[in-house]
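I have placed the structure first, in the form of structure tokens, so that the comments after it can refer back to it.
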Amino acid sequence: MTQTVVIGAGIIGVTIAYELQRRGISVTLVDRDEPGRGASFGNMASIAVTEFMPASRPAVWRQMPKWLLDPEGPVRVRPSYMPKLIPWFARFLAASRPSKLRELEAQGATLCARVYDDLLPLLRDTGLSDMLTDEGCLALYADDGELAADRDHIEILERFAFPHRHLSREELKALEPDISDRIARAVLFPQNRSIRDPYKLVLGIFEKFLELGGELIKGDVAAFERSGHRLTGVRLADGRTIVADRLILAAGAFSARLSSTIGEPIPLETERGYHTQIMSPGVGLRHSIIWPAKAFMVTPTAGGLRVGGTVEMAGLDAPPDYRRAKITVKRAREALPGLKVEDTSEWMGRRPAFPDTIPLIGPSEKVSNLLYATGHGHLGLTYAATTARIIGDLAVGALPPLDIKPYRVGRF
């Protein structure tokens, strides 16, 4: 029997492993940690189908100098890491050309438009449908100026026909009474539903993978074994080798280190995200909320409220700076004045980010039996089921449900 190795046991890798095993492909899942303990453990639990727009659009990058100079700004680059980011930022600026932005918007919208076509069957077939809430996400605006500043986001959604509804202060308070009276208006994104516990979702899919005969090997992948234009397996740091006929690289922010070993460098950087999980918040919240002008998000998940939203560029190895988590909590209390910060925990995770905001899904151009599934940025949870569907189709020689050319490695 042929053997497929999936490298990475986050939401992307576990969902791919399950999908392949479901299709009758024998899969070994490899990760140095337990499933779901990386970025998937602490994401903001949002199926964020309205958040596909490129980070390189002018409304974002024009604010970058101000944000970078503000110690409490939503984006921070550690000074010692700045020289390493220059090539990535050059590509980021190249992705801001108007014609390129339109392409990237369409590519993100294409993925997001079919998210529920793939997610709902996945949840049904794994018995995890109750993980998905019914409520959407509310974007908050203190005044008309804040709404106008976010107009480009709304216009993109209108162009691609993603549903949303403008709410008055009174309509907002009827939905969420604990939100501050400072908020003058809001926009409801009904499709941006939440996951009740994203870590438990990964574990649930992983359990189904094991039930179908899948195998997990814990180990740190150090290199690939290769013969000509094919990979023959992976070599772990402890010296073990896992033989493979096909490999899927879904190692998140660590994928670039591995792709470079086969002579296929990819411009993948690490957007470090922080959250604070509050288990006794003292306020009620049914919807997730974002405040674009303040750059934070609050989601009811994992038995409490989760507050996050910051981006830190500092590479894979720097120690966490939990001041970033405290900044978003301070902002969250502006939206939720009754919020009690009690019984809390702080977390940092590494999101894999490409400068064009679009994931890498598809075959290697250096070896014949490697498929990539990485670089999903803030949308790993959102894109997981669709990515698994595409990889599953490619693995069995079927035609994927969408044109994958924009997401292939050759674009770099």
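The values are calculated or read from the model by the stated rules, or taken from the named source; none is laboratory data. As the structure is a computational prediction, the values presented were derived from the model and not from experiment. So basically every Cβ, Gly included, is an ideal-geometry build from the backbone, and we count neighbours across all protein chains shown. Note: areas computed on protein heavy atoms with side chains; ligands, DNA, RNA excluded. Shrake-Rupley method; radii C 1.70, N 1.55, O 1.52, S 1.80 Å.
Quick notes on this structure:
Conditions tested, residue by residue: (1) basic (Lys, Arg); (2) touching a residue at least 24 places away in the same chain (Cβ under 8 Å); (3) within 26 Å of PRO54 (Cα to Cα).
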{"site": "SER280", "(1), (2), (3)": "no, yes, no"}
{"site": "ARG324", "(1), (2), (3)": "yes, yes, yes"}
{"site": "SER364", "(1), (2), (3)": "no, yes, yes"}
{"site": "ALA385", "(1), (2), (3)": "no, yes, yes"}
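- Qualifying residues in the stretch 204-221 (those that are open to solvent by 50 Å² or more (accessible area, probe 1.4 Å) and part of a helix (DSSP H, G or I)) - the one nearest to VAL234 (Cα to Cα): LEU210
- Look at (1) among the hydrophobic types (A, V, I, L, M, F, W, C); (2) touching a Pro at 6+ places or on another chain (Cβ under 9 Å); (3) without any contact (Cβ under 8 Å) to a residue 40 or more places away in the chain and you find that LEU370 fails only one, number (3).
- Top-ranked residue of the stretch 284-295 - restricted to ones that are crowded, with 19+ Cβ neighbours inside 10 Å and at pLDDT 95 or above, ranked as farthest from ILE195 (Cα to Cα): TRP291
- Check on ALA398, surrounded by fewer than 16 Cβ atoms within 10 Å (Cβ to Cβ), small (Gly, Ala, Ser), more than 28 Å from ASP178 (Cα to Cα) and modelled with pLDDT of 95 or more: yes
- Residue satisfying condition, being of a type in the set (A, V, I, L, M, F, W, C) and in contact with a strand residue (DSSP E or B) (Cβ under 6 Å, 6 or more places away or on another chain), within set ILE217, ILE195, ILE179: ILE217
- The lone criterion from (1) within 20 Å of ASP317 (Cα to Cα); (2) in contact (Cβ under 8 Å) with a residue 40 or more places away in the chain; (3) not in a strand (DSSP E or B) left unmet by GLU271 is number (3).
- Filtered residue count, the stretch 124-133, keeping only those that are in contact (Cβ under 8 Å) with a residue 12 or more places away in the chain and open to solvent by less than 70 Å² (accessible area, probe 1.4 Å): 6
- The set of residues from the stretch 94-123 being over 30 Å from LEU203 (Cα atoms), aliphatic (A, V, I, L, M) and surrounded by 13 or more Cβ atoms within 10 Å (Cβ to Cβ) comprises ALA95, LEU101, LEU104, ALA106.
- The residues of the stretch 150-172 that are under 25 Å from the mean Cα position of the chain (by Cα) and either outside any helix (DSSP H, G or I) or farther than 22 Å from VAL49 by Cβ (or both), listed by number, are ASP150, PHE160, ALA161, PHE162, PRO163, HIS164, ARG165.
- Among residues of the stretch 151-168, those that are open to solvent by 50 Å² or more (accessible area, probe 1.4 Å) and aromatic (Phe, Trp, Tyr), counted: 1
- Inter-residue pairs, beta-carbon under 6 Å, first over 13 Å from GLY304 (Cα atoms) and in the stretch 341-354, second among the small types (Gly, Ala, Ser) and in a strand (DSSP E or B), 6+ apart: GLY349/GLY273; ARG351/GLY273
- Residue match in the stretch 6-23 (condition: open to solvent by 10 Å² or more (accessible area, probe 1.4 Å), modelled with pLDDT under 95 and of a type in the set (Val, Ile, Thr)): no
- Hey, GLY349 open to solvent by 10 Å² or more (accessible area, probe 1.4 Å), under 19 Å from GLY42 (Cβ atoms), small (Gly, Ala, Ser) and not in a loop (DSSP other than H, G, I, E, B) or not: no
- Residue count for the stretch 32-86 under the criterion of being in a helix (DSSP H, G or I), over 30 Å from LYS218 (Cβ atoms) and open to solvent by 40 Å² or more (accessible area, probe 1.4 Å): the result is 11.
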